[in-house]
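The values are calculated or read from the model by the stated rules, or taken from the named source; none is laboratory data. Given the structure is predicted, the values throughout are model-derived calculations rather than measurements. Using ideal geometry, Cβ is built from the backbone for each residue, glycine included, and neighbour counts are taken over all protein chains shown. Heads up: the accessible areas ignore ligands, DNA and RNA and are worked out on the full protein's heavy atoms, side chains in. Shrake-Rupley method; radii C 1.70, N 1.55, O 1.52, S 1.80 Å.
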Amino acid sequence: MAETQTNGVEVLETREWLDSLDYVLSQGGPERAGRLLQQLSLHARRAAGVNLPFTATTPYQNTIAAQQQPPFPGSQEMERRIKSLVRWNALATVVRANKIQEGIGGHISTFASAATLYEVAFNHFLQAQTESGDRDMVYFQGHAAPGMYARAYLEGRIPKEKLQNFRRELKEGGGLSSYPHPWLMPDFWQFPTVSMGLGPIQAIYQARFIRYLENRGLKTATGGRVWAFLGDGEMDEPESLGSITLASRERLDNLIFVVNCNLQRLDGPVRGNGKIIQELEAIFRGAGWNVIKVLWGSDWDNLMTNDRDGILVKRMGEITDGQYQKYFVESGAYFRHNLFGSDPRLLKMVEHLSDEQLSRMRLGGHDPIKVHAAYKAATEHTGAPTVILAKTIKGYGLGEAGEGKNITHQQKKLNEDELRMFRSRFGIPIPDEELQDAPFYRPADDSPEILYMQERRKQLGGYLPERKVRSKPIAPVAESHFEEFHKGTDGREVSTTMVFVRLLSKLLRDPEIGKLIVPIIPDEARTFGMEALFRQVGIYSSVGQLYEPVDMDTLLYYKEAKDGQILEEGITEAGSICSFIAAGTAYANHGINTIPFFIYYSMFGFQRIGDFIWAAADMRTRGFLVGGTAGRTTLAGEGLQHQDGHSHVLALSVPSLLAYDPAFAYEIAVIIQDGIKRMYVDQESIFYYLTVTNEPLAMPGMPEGKDVKEGILKGIYRFRTSTKKDAKLRAQLFGSGTIMYEVLKAQQILEEKYGVAADVWSVTSYKQLYRDGNDCDRWNMLHPGETPRVPFVTQSLKDAPGVLVAASDYMKVLPESIAQWLPRPLVALGTDGFGRSESRVALRDFFEVDAKHIVLATLTALAREKQIKLDVLQKAVKDLGINPEKANPANT
Ligand SMILES: Cc1ncc(C[n+]2csc(CCOP(=O)(O)OP(=O)(O)O)c2C)c(N)n1
Ligand SMILES: [Mg+2]
């Protein structure tokens with residue numbers, strides 16, 4: 001009894017307070033009410049130590065209340081019809097493809113759940129790129145690609161034949177890529193997004209890079225925004241959330257995430273026992289983003305308005321996502337009983353609705369009015385990025401064929417009944433008898449639907465997605481920047497990193513291309529001796545430098561500036577590569593030829609962010625990846641996490657990448673000069689990987705001969721010819737990177753102690769040789785009887801007698817990859833195995849890539865050829881001080 005009374009008083013008291021608040025709201029508006037609530041909370045805390053429990057979430061309701069919604073600016077009916085047409089053709093794209101070719105795959109339900117999110121954006125928000133500069137850049141969710149193709153078909157941009165060849169790109173006349181692939185569809189897709197998590201983080205760095213371009217005066221602001229359409233399951237990728245604080249810190253109000261919260265991923269619910277929307281809200285709010293939840297459609301407005309005591313919102317907040325998913329597939333009666341049945345007051349709230357009506361209550365993400373309101377608010381928000389969390393149903397509209405079901409992600413076949421149901425639900429005028437083929441349907445060009453959608457796109461500047469290269473080739477770079485490096489250092493010891501940094505700082509001073517260079521460093525500039533650049537070109541900061549740097553009185557102080565050129569990213573290789581990609585694709589996406597140089601610990605490149613490098617290739621990125629402190633034995637003291645002996649092996653896998661392991665200063669100069677020419681003058685869609693090391697060595701001058709430059713670029717040239725022309729014992733030694741110096745020492749020992757005349761070759765790129773060898777073999781196979789092509793490495797070695805020995809700071813498989821094109825068997829020395837914390841000398845002994853092992857390998861090869869006796873070899877093992885019983889570094 002007492003309890004009821006207290007409750008009764010409480011209810012009354014609450015009602016009074018709510019009435020008062022309503023009054024303030026009506027008189028002073030939401031802002032005044034907000035201030036009052038803050039004051040109340042402060043007062044309660046001060047007066048009585050009332051501590052409100054921390055909550056990062058808001059109640060489970062729409063962020064934008066019905067009364068705050070702007071009017072819908074278009075024809076809802078027309079847009080509904082257009083959306084239905086897109087829906088049908090997207091579905092038909094997948095169903096047809098699988099009818100024609102069983103098992104070709106595709107996704108229906110991702111787009112089905114996101115159709116409204118896309119259509120409202122296409123009709124009212126997404127501004128196309130124009131000749132005068134970029135506008136909006138859109139990262140489309142990869143699995144929603146059929147929806148983008150279907151729309152482009154209706155817009156008349158993709159012919160029916162191509163749509164029919166979805167996932168059949170090799171068909172005559174061409175087809176369509178499964179997912180966004182700029183490499184395969186370079187006029188259509190800008191961003192490859194299907195490897196989950198790479199899209200969201202790239203969108204953040206793209207938005208930041210746009211600001212960088214603007215702040216540095218390379219681009220005038222166009223008011224364009226970056227939109228990323230994402231899946232709720234995708235948000236579990238660490239890359240999706242890992243950089244969101246950069247976006248808020250940089251106040252990127254040009255960035256909008258739209259997360260399609262259909263509560264499902266591939267196997268089942270994203271958070272069956274929790275609430276993904278609330279979880280994401282807390283994360284993004286905590287990170288300083290503007291969060292807009294779009295949960296309930298207009299059908300719910302009345303219920304929400306009448307929910308004076310908040311019991312409905314409270315109940316909605318209690319229900320798990322797994323249970324919500326159940327409602328989507330169950331009847332209205334189940335919904336009523338399970339959701340509303342927990343409280344008689346709730347049941348009363350919906351007693352005027354039939355079960356049928358209840359089951360049809362739309363979610364926010366399927367309601368154009370709600371979605372429009374969210375987008376408008378997002379585009380008007382200033383000072384922070386926005387994330388829209390839109391609640392939808394996966395496979396919306398598929399009914400029994402998959403709506404809301406756990407199997408829906410993989411659904412790609414519909415039977416005739418299911419097609420009929422979908423057709424009727426969305427009012428597509430295809431007669432029953434034609435349904436079984438799932439034909440495409442496009443109304444005439446002058447139909448109201450097509451005219452409307454064309455007009456909307458015209459108003460917004462054109463079509464999307466579209467990729468257009470707008471940049472003009474740059475003029476050739478002055479030869480003089482590179483010539484200094486051809487000379488050598490007269491015995492002065494420098495590392496190839498120092499050489500690279502010196503060249504970079506010269507290029508930065510160039511009046512033409514200097515400003516286009518974008519140095520990107522993940523907190524490693526001092527390691528690479530690049531700190532001089534801090535002062536020379538400044539570190540980019542959107543706010544300048546708001547403090548007096550601690551080293552202000554030194555020459556090389558840490559200078560941050562609004563127009564600073566260096567992107568000092570902090571310890572994030574993932575973020576840095578996203579900047580690299582943004583800068584390396586600006587030639588297409590912004591019409592600006594920025595030239596990125598991303599310098600990082602080589603170990604943390606391909607192995608850590610390999611998927612981004614693959615995406616960079618797919619996006620036709622240009623620029624230079626520079627793997628610093630490279631090699632397994634060159635980095636003294638670091639041990640197994642830092643010593644890289646395999647990045648060049650991994651680099652073999654990336655099709656548009658050229659990979660070089662230069663030994664000498666002039667090689668670096670030649671490679672970078674040619675790279676800039678090929679990428680920015682000739683406009684080739686390639687990029688470069690260059691390893692540099694921190695071992696100080698005397699740099700020789702470039703040997704004479706017109707073939708040297710060609711050899712450097714193609715992968716091999718003779719660096720030093722033996723002077724003992726008439727020696728009987730001959731060898732050809734291949735060296736790369738700093739191991740070249742071990743090879744040169746071995747040459748001397750071989751000559752002086754064993755009478756072996758050896759030529760030394762610099763192999764700058766096994767990858768180039770490997771590709772060329774395969775290319776020739778392939779051509780020869782396809783052209784029997786014609787004069788065979790001879791691989792460059794075979795040609796180079798045709799008059800080079802003797803045994804062949806290669807040594808590098810990378811795995812043995814790297815030299816072995818070209819063995820088949822060599823005139824005789826190759827003995828490869830390399831650094832397979834875990835690194836060690838040791839000195840260079842000890843490491844090279846351990847990995848058997850030092851001069852003495854190169855000598856032994858050469859003598860072994862000669863003995864195998866029966867050119868020297870076994871006892872010479874046995875003695876050599878002793879004389880060279882090699883312990884034959886030492887552990888095999890490859891597996892210890
Ligand atoms: C890195 C990566 N891992 C796995 C996949 C395979 N995959 C494709 S779609 C998908 C589920 C996507 O769920 P969600 O992000 O919620 O998107 P929805 O289709 O529900 O909109 C998965 C696991 C992938 N594409 N990329
Ligand atoms: Mg999902």
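Of the conditions (1) within 16 Å of ligand 1 (Cβ to nearest atom); (2) open to solvent by 10 Å² or more (accessible area, probe 1.4 Å); (3) in contact with a Leu (Cβ under 9 Å, 6 or more places away or on another chain); (4) closer than 17 Å to Gly242 by Cα, Arg208 fails just one. Which one is it?
Unmet for Arg208, out of (1) within 16 Å of ligand 1 (Cβ to nearest atom); (2) open to solvent by 10 Å² or more (accessible area, probe 1.4 Å); (3) in contact with a Leu (Cβ under 9 Å, 6 or more places away or on another chain); (4) closer than 17 Å to Gly242 by Cα: (1).
Conditions tested, residue by residue: (1) modelled with pLDDT of 95 or more; (2) among the charged types (D, E, K, R).
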| site | (1), (2) |
| --- | --- |
| Phe485 | yes, no |
| Arg492 | yes, yes |
| Ser495 | yes, no |
| Phe500 | yes, no |
| Phe534 | no, no |
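What pairs come up if the first residue lies in region 229-257 and is closer than 14 Å to Leu389 by Cβ, the second is of a type in the set (Ser, Thr, Tyr) and more than 16 Å from ligand 1 (Cβ to nearest atom), and their beta carbons are under 9 Å apart, counting only those six or more places apart or on different chains?
Ile256/Tyr375; Ile256/Thr379; Ile256/Thr386; Phe257/Thr386
Do we have Gly224 as away from ligand 2 (no atom under 15 Å from the Cβ), open to solvent by less than 20 Å² (accessible area, probe 1.4 Å) and in a loop (DSSP other than H, G, I, E, B) here?
yes
Basic (Lys, Arg), closer than 30 Å to Lys83 by Cβ and open to solvent by less than 30 Å² (accessible area, probe 1.4 Å): which single residue out of Arg456, Arg467 fits that description?
Arg467
I'd like to check something: does region 435-450 contain any residue that is at pLDDT 95 or above, surrounded by 15 or more Cβ atoms within 10 Å (Cβ to Cβ) and touching a strand residue (DSSP E or B) at 6+ places or on another chain (Cβ under 8 Å)?
no
Based on what the data block shows, is Ser471 among the hydroxyl-bearing types (Ser, Thr, Tyr) and over 36 Å from the mean Cα position of the chain (by Cα)?
Judged against the criteria, Ser471 is not a match.
Out of Thr386, Thr408, report the one residue that is among the β-branched types (Val, Ile, Thr), open to solvent by less than 40 Å² (accessible area, probe 1.4 Å) and within 16 Å of ligand 1 (Cβ to nearest atom).
Thr408
Of the residues Asn89, Asn51, Asn98, only one is modelled with pLDDT under 95 and not in a loop (DSSP other than H, G, I, E, B); which?
Asn98 is the lone residue from the list that is modelled with pLDDT under 95 and not in a loop (DSSP other than H, G, I, E, B).
Identify, from the list Glu483, Glu512, the residue that is more than 24 Å from Pro662 (Cα to Cα) and of a type in the set (Asp, Glu).
Glu512
Within region 817-832, track down each residue that is outside any helix (DSSP H, G or I) and open to solvent by 10 Å² or more (accessible area, probe 1.4 Å).
Once the filter is applied, which keeps residues that are outside any helix (DSSP H, G or I) and open to solvent by 10 Å² or more (accessible area, probe 1.4 Å), region 817-832 yields Ser817, Leu822, Pro823, Arg824, Pro825, Leu826, Val827, Ala828, Leu829, Asp832.
Looking at Asp307, is it free of Cβ contacts under 8 Å to residues at least 60 places away in the same chain and more than 22 Å from Leu398 (Cα to Cα)?
Criteria met by Asp307.
Looking only at region 185-205, how many residues end up being touching a helix residue (DSSP H, G or I) at 6+ places or on another chain (Cβ under 8 Å) and either more than 16 Å from ligand 1 (Cβ to nearest atom) or of a type outside the set (Gly, Ala, Ser) (or both)?
13
Name the single residue, out of those in region 106-158 being farther than 27 Å from Ala444 by Cα and aliphatic (A, V, I, L, M), that is farthest from ligand 1 (Cβ to nearest atom).
Met137
Residues in region 692-741 that are of a type in the set (Val, Ile, Thr) and surrounded by fewer than 18 Cβ atoms within 10 Å (Cβ to Cβ): how many?
Qualifying residue count for the region: 2.
Is it the case that region 328-339 has a residue that's touching a Gly at 6+ places or on another chain (Cβ under 7 Å) and buried (at least 18 other Cβ atoms within 10 Å of the Cβ)?
Yes; the residues of region 328-339 include at least one that is touching a Gly at 6+ places or on another chain (Cβ under 7 Å) and buried (at least 18 other Cβ atoms within 10 Å of the Cβ).
Give the residues of region 141-156 that are open to solvent by 10 Å² or more (accessible area, probe 1.4 Å) and under 23 Å from Ile204 (Cα atoms), sorted by residue number.
Gln141, His143
Mind checking which helices (runs of 4 or more DSSP H) fall wholly inside region 520-632 and carry at least 2 residues that are open to solvent by 10 Å² or more (accessible area, probe 1.4 Å)?
532-537, 573-584, 606-618
Any idea which of Glu234, Glu239, Glu214 is of a type in the set (Asp, Glu) and open to solvent by less than 40 Å² (accessible area, probe 1.4 Å)?
Every option except Glu234 fails the conditions.
Failed condition for Leu516, given (1) open to solvent by less than 50 Å² (accessible area, probe 1.4 Å); (2) without any contact (Cβ under 8 Å) to a residue 60 or more places away in the chain, with all others met?
Of everything listed in (1) open to solvent by less than 50 Å² (accessible area, probe 1.4 Å); (2) without any contact (Cβ under 8 Å) to a residue 60 or more places away in the chain, Leu516 misses just condition (2).
Rundown of residues vs (1) under 30 Å from Leu266 (Cβ atoms); (2) open to solvent by less than 60 Å² (accessible area, probe 1.4 Å); (3) out of contact with any Pro (no Cβ under 9 Å at 6 or more places or on another chain), yes/no style:
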{"residue": "Arg345", "(1), (2), (3)": "no, no, yes"}
{"residue": "Leu358", "(1), (2), (3)": "yes, yes, yes"}
{"residue": "Val371", "(1), (2), (3)": "yes, yes, yes"}
{"residue": "Ala377", "(1), (2), (3)": "no, yes, no"}
{"residue": "Ala390", "(1), (2), (3)": "yes, yes, yes"}
{"residue": "Lys394", "(1), (2), (3)": "yes, yes, yes"}
{"residue": "Leu414", "(1), (2), (3)": "yes, yes, yes"}
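Could you please let me know if Ala247 is part of a loop (DSSP other than H, G, I, E, B), of a type in the set (A, V, I, L, M) and more than 12 Å from ligand 2 (Cβ to nearest atom)?
no
Being within 36 Å of the chain's Cα centre (by Cα), closer than 30 Å to Pro448 by Cα and either open to solvent by 80 Å² or more (accessible area, probe 1.4 Å) or free of Cβ contacts under 8 Å to residues at least 12 places away in the same chain (or both) is the filter here; which residues of region 42-75 pass it?
Listed by number, the list holds a single entry, Pro73.
Would you please name the residue that is most open to solvent (accessible area, probe 1.4 Å), looking only at residues in region 250-273 that are assigned to a loop (DSSP other than H, G, I, E, B) and near ligand 2 (Cβ under 9 Å from one of its atoms)?
Per the criteria, the residue is Arg265.
Every residue, every condition in (1) hydroxyl-bearing (Ser, Thr, Tyr); (2) surrounded by fewer than 22 Cβ atoms within 10 Å (Cβ to Cβ); (3) in a helix (DSSP H, G or I), yes or no:
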position	(1), (2), (3)
Thr787	yes, yes, no
Thr794	yes, yes, yes
Lys798	no, yes, no
Leu804	no, no, no
Tyr810	yes, no, no
Pro815	no, no, yes
Phe834	no, yes, no
Glu838	no, yes, no
Ala842	no, yes, yes
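Go through (1) open to solvent by less than 10 Å² (accessible area, probe 1.4 Å); (2) within 27 Å of Arg81 (Cβ to Cβ); (3) in contact with a strand residue (DSSP E or B) (Cβ under 6 Å, 6 or more places away or on another chain) and name the single condition Pro200 misses.
Evaluating Pro200 over (1) open to solvent by less than 10 Å² (accessible area, probe 1.4 Å); (2) within 27 Å of Arg81 (Cβ to Cβ); (3) in contact with a strand residue (DSSP E or B) (Cβ under 6 Å, 6 or more places away or on another chain) leaves (2) as the failure.
Output the qualifying pairs, or none if there are none: Cβ atoms under 8 angstrom, residues six or more apart or on different chains, first residue in region 258-275 and under 10 Å from Ala114 (Cα atoms), second residue within 8 Å of ligand 1 (Cβ to nearest atom) and charged (D, E, K, R).
Val259/Asp232; Asn260/Asp232; Cys261/Asp232; Asn262/Asp232; Asn262/Lys394
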